[in-house]
Every structure is written in C-alpha cells, then in structure tokens.
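Here is the structure we will look at, set down as structure tokens.
The values are calculated or read from the model by the stated rules, or taken from the named source; none is laboratory data. Note that this is a predicted model, so its numbers are computed, not measured. Ideal geometry is used to build each Cβ from the backbone, glycine not excepted, and the neighbour counts take in all protein chains shown. In case anyone asks, the SASA skips ligands and DNA or RNA and just uses the protein heavy atoms, side chains included. Shrake-Rupley method; radii C 1.70, N 1.55, O 1.52, S 1.80 Å.
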Amino acid sequence: MLTVDFSRFPLAPGDRVLDLGCGAGRHAFECYRRGARVVALDRSAEEIREVATWFAAMAEAGEAPEGATATAMEGDALALPFPDDSFDVVIISEVMEHIPDDKGVLAEMVRVLRPGGRLAVTVPRYGPEKVCWALSDAYHEVEGGHIRIYRATELLAKLREAGLRPYGTHHAHGLHAPYWWLKCAFGVDRDGDRAALPVRAYHKLLVWDIMKRPLATRLAERALDPLIGKSFVAYATKPHLPHLAQPADLSDPSARDTSAAAAK
C-alpha cells in the first residue's frame with residue numbers, strides 16, 4: 001500500500017533514493033522495482049533486518065531491473081550518515097508526526113538532497129487524525145507515538161522555511177480512515193481475534209482491496225480521498241543555488257555610476 005503517488009513523483013532508473021524512516025519498506029521496495037539506487041534507513045534494527053531480507057529476496061527473484069541497488073541500514077534521521085547532495089530523491093512517509101525536532105529532520109533531508117532533487121513527505125491528515133485522538137488516548141499516548149497533528153498549511157510552511165519549493169499535494173487512503181476510527185472506538189490495542197467484529201470485518205475489506213484492487217474499492221477510494229483521506233502528501237523540490245552576480249567592471253564609467261546609485 002503506497003502513500004506516495006509515483007505518477008506525480010516520477011523516478012528515473014538510476015536515481016539515488018533515500019527512504020527515511022522506511023519502516024516495513026513499502027516505498028523503498030517500489031523504488032527498487034523502478035530501477036533506483038535505494039537506501040532504506042530506519043532507527044529500528046528489527047525493521048531494517050526485515051527490509052534487508054526482502055531486498056535480497058527481490059534481487060533473487062529478479063524483481064528489480066539491472067543497475068538497481070538496495071541497501072537497508074540503521075540510522076538517526078537527525079544525523080544522517082551521508083555527505084551533502086547525496087540523493088536525487090528523498091521520501092519520508094508517516095514519520096515526521098513522531099519526531100519532536102521536525103525542523104531538524106527537514107534540515108537534514110535538505111542537506112543530503114541535491115539541488116534540483118525532489119522530496120515527498122506524507123503525514124496523517126488533520127481532520128481524520130483529530131477524530132482518532134478524540135476517540136482514543138491509547139492511539140497516540142504511547143512511546144514513539146504521534147506527538148503532533150499537522151495542518152496542511154503548517155507542513156507546507158515548514159517545507160518552504162527549510163528552503164524547499166512545494167509543487168503538489170493530495171490526500172490518500174480514504175478507505176483507511178474509517179478503519180482507524182473503528183479501532184480507536186472499540187480498542188486500538190485489540191488486534192486479530194481480540195478485535196471487535198466491526199474492526200475485523202473492515203480489516204477484511206482492506207485486505208481484499210490491497211490484494212485484489214477491485215474497481216469498486218478503487219472508485220470508492222478516489223471519491224473518499226479528498227473528503228477523508230487518512231494521509232496528506234506533499235511534493236517539493238530543492239532549488240538550485242542562484243548564481244552570484246558578476247562583479248562590475250569599474251573601469252566602465254556606466255558601471256561606476258550604477259554602483260554609486262546602488263550605494264545610495
């Protein structure tokens with residue numbers, strides 16, 4: 001289940017991609033399939049071991065084109081172990097709402113992204129997330145849980161403040177918001193057979209949608225995304241540095257006049 005829409009965020013074979021806070025690796029796997037040179041980074045050693053196992057299985061099965069590479073590694077989002085301008089693309093999906101120093105994470109992403117590179121960031125959408133918080137303290141008051149809810153305008157302002165230029169937004173996972181409302185209402189910690197019947201039933205619907213992608217659920221999600229899409233997705237670029245103005249030729253009288261006028 002992808003949150004980033006790769007029709008709006010195209011990758012070229014050979015692009016250097018950082019999936020920051022990769023979790024189970026869903027976006028990293030898709031980038032690998034598309035021929036990118038992928039680094040999947042997360043603070044969880046357990047997640048990274050699992051992602052590395054899947055990368056190896058994909059390579060053995062021939063799921064990635066020739067030239068694509070994939071690396072899974074532990075790391076700190078606030079101190080990325082890469083030189084400046086290392087990546088063409090950075091993806092950070094459903095991560096920033098967990099991190100107290102979100103401005104610090106943005107600064108690190110901008111540092112490792114090359115000028116002209118692209119960034120995709122996804123966070124829980126304000127409205128659906130507020131409902132979850134209202135229904136259940138356990139949904140967010142846990143170690144490593146959500147510590148903030150972004151308004152779209154706030155996130156875009158932070159991207160601009162970090163030196164990025166947003167160029168597109170959308171909402172995703174309209175079918176998933178009601179599922180989380182049900183979980184919060186009936187007990188967010190109750191999983192599997194312990195979950196309430198409405199939660200189990202809705203979960204089966206989501207699994208069917210993910211596995212089969214029937215037309216009915218695709219049309220339903222397309223209609224629901226603008227209204228109750230669970231995630232807000234923003235795309236941005238890192239501008240090229242402006243060229244410094246050439247020094248004026250002070251042997252030219254007109255240049256001296258212009259310089260004098262500018263000094264006034």
Stretched out fully, how many nm does the piece from ALA107 to GLU141 gain, at 0.36 nm a residue minus the Cα gap? 9.6 nm
Based on the alpha carbon coordinates of the range 151-217, what radius of gyration and maximum Cα-Cα distance (Dmax) apply, in Å? 17.1, 48
Amide H neighbours of THR69 under 5 Å, at least 5 residues apart or on other chains, H built in the peptide plane: list them. ARG37, VAL38
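Just to confirm, what accessible area per residue do you get for the range 101-237 at 1.4 Å probe, in whole Å²? Display every interim value, and only then the final one.
On the way: 6810 Å² over 137 residues.
Per-residue accessible area for the range 101-237 comes out at 50 Å².
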With a 1.4 Å probe and all protein chains left in place, how much of the accessible area of the chain comes from carbon and sulfur atoms, in whole percent? 57 percent
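Using a 1.4 angstrom probe on the protein heavy atoms only, line up MET211, MET96 by accessible area, largest first. Let's see the in-between values first.
Values: MET211 140, MET96 0 Å².
The residues order as MET211, MET96, largest area first.
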So, how do all the Cα-to-Cα distances of the range 1-59 break down into 5 Å bins, in percent, from 0 on up? 4, 20, 31, 26, 14, 5, 0
Taking a label point 7 Å from the Cα of LYS212 along Cα-to-Cβ, the residues of the range 1-29 whose backbone nitrogen sits under 18 Å from it are 1
Most fluctuating residue given options LYS103, LYS183, LYS212, as computed from a GNM of the chain linking Cα atoms under 10 Å: LYS212
For the chain, what log10 I(q)/I(0) values come out of the Debye formula at q = 0.09, 0.16 1/Å, with one point per alpha carbon and no solvent? -0.48, -1.32
Restricting to the range 1-92, what percent of DSSP beta bridges are antiparallel, rounded to 5? 5 percent
Chain lengthening between MET1 and ASP189 when straightened (0.36 nm per residue, less Cα-Cα): 65.5 nm
Starting from the Cα of ASP85, step 7 Å along the direction of its Cβ; do the same at TRP133; then give the gap between the two resulting points in nm. 4.0 nm
CD proxy at 222 nm, helix term only [per DSSP H run n ≥ 4: -39500 (n - 2.57); per residue of the chain; nearest 500]: -12500 deg cm²/dmol
